[in-house]
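Working notes, beginning with the structure itself.
The values are calculated or read from the model by the stated rules, or taken from the named source; none is laboratory data. From a predicted model like this one, the values you see are computed outputs, not experimental measurements. With ideal geometry, Cβ positions are generated from the backbone for all residues, glycine too; neighbour counts draw on all protein chains shown. All accessible areas refer to the heavy atoms of the entire protein, side chains included, with ligands and DNA or RNA removed. Shrake-Rupley method; radii C 1.70, N 1.55, O 1.52, S 1.80 Å.
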Amino acid sequence: MVKQSIFGRMAQLAKANINSLLDQAEDPQKMLDQMVRDYTNNIAEAESAVAQTIGNLRMLQDDYNEDVKNAQDWGNKALAASRKADEYRGNGNVSDAQKFDNLAKVALQRQMASESEAKAAEPSIASQTDVVDRLKTGLDQMKGKLNQLTSKRNELVARSKTAAAQSQVHDALKSIDIMDPTSEVGRFEEKIRREEAKVRGQQELAESSLDAQFNQLEDLGEQTEIEARLAALKSGNAKPAIGAGGTAASASANTVDEADFDKL
């Protein structure tokens, strides 16, 4: 009963599904730390209970040793009284001899009582010794389990931190992966490409409008040239045709009438 009360909670904790507890925990590290604290506290309680049990055993052993010693002392006193009685009897002193024989009997009676008490305590001492031995073994196992739990806690915490660091590095690398269109750089590059395409479109549109303006200027220049030449014709200052003589061309130009156009 004592052993069960000491190790009951520890057995329950040892049989618990730690992985399930960790999966359900919001912070697995806090869960592990709490388990280590609970285990440590339970070991402290177990040590106190085991110490008390050992103390009880030592009291039984002290009582037993005292009974054994008393039995030996009373045996020695009985022997001494018996020898004294024989001495008095040898001297013819029957009265004193009888007196010491009676003392020897009383001593023997007390010796037997002490021996009986010591013998009666032996089963309890043996049983309690067995309990103490098992409690010590169980306590050592608990301490071993605590060391395992602490080591496992440290391992899991280290693995958790490593996994978190690896995940962070992976996310950081992914965010700057220029080959990944979903990365930050990829999205930024796509934005710049769209802006560049927009600029090219604006340039193309501007160039198209500029060509139209130049075409209008060319048309306007031609009309201006025609008007200038017409004014020269009217004033008699028309330029000579390419390849023609100055005077003949002027005379010819001055004599051209509407019928000449039909001959062209």
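The figures follow:
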| quantity | calculated |
| --- | --- |
| Filtered residue count, segment 114-151, keeping only those that are open to solvent by less than 90 Å² (accessible area, probe 1.4 Å), free of Cβ contacts under 8 Å to residues at least 24 places away in the same chain and not charged (D, E, K, R) | 8 |
| Pair list, Cβ under 9 Å, 6 or more apart: segment 152-172 residue among the hydrophobic types (A, V, I, L, M, F, W, C), other residue open to solvent by less than 80 Å² (accessible area, probe 1.4 Å) | 156/22; 156/28; 156/29; 156/32; 157/28; 157/29; 157/32; 157/33 |
| Matching option when the condition is among the acidic types (Asp, Glu) and either open to solvent by 100 Å² or more (accessible area, probe 1.4 Å) or at pLDDT 85 or above (or both), among 189, 195 | 195 |
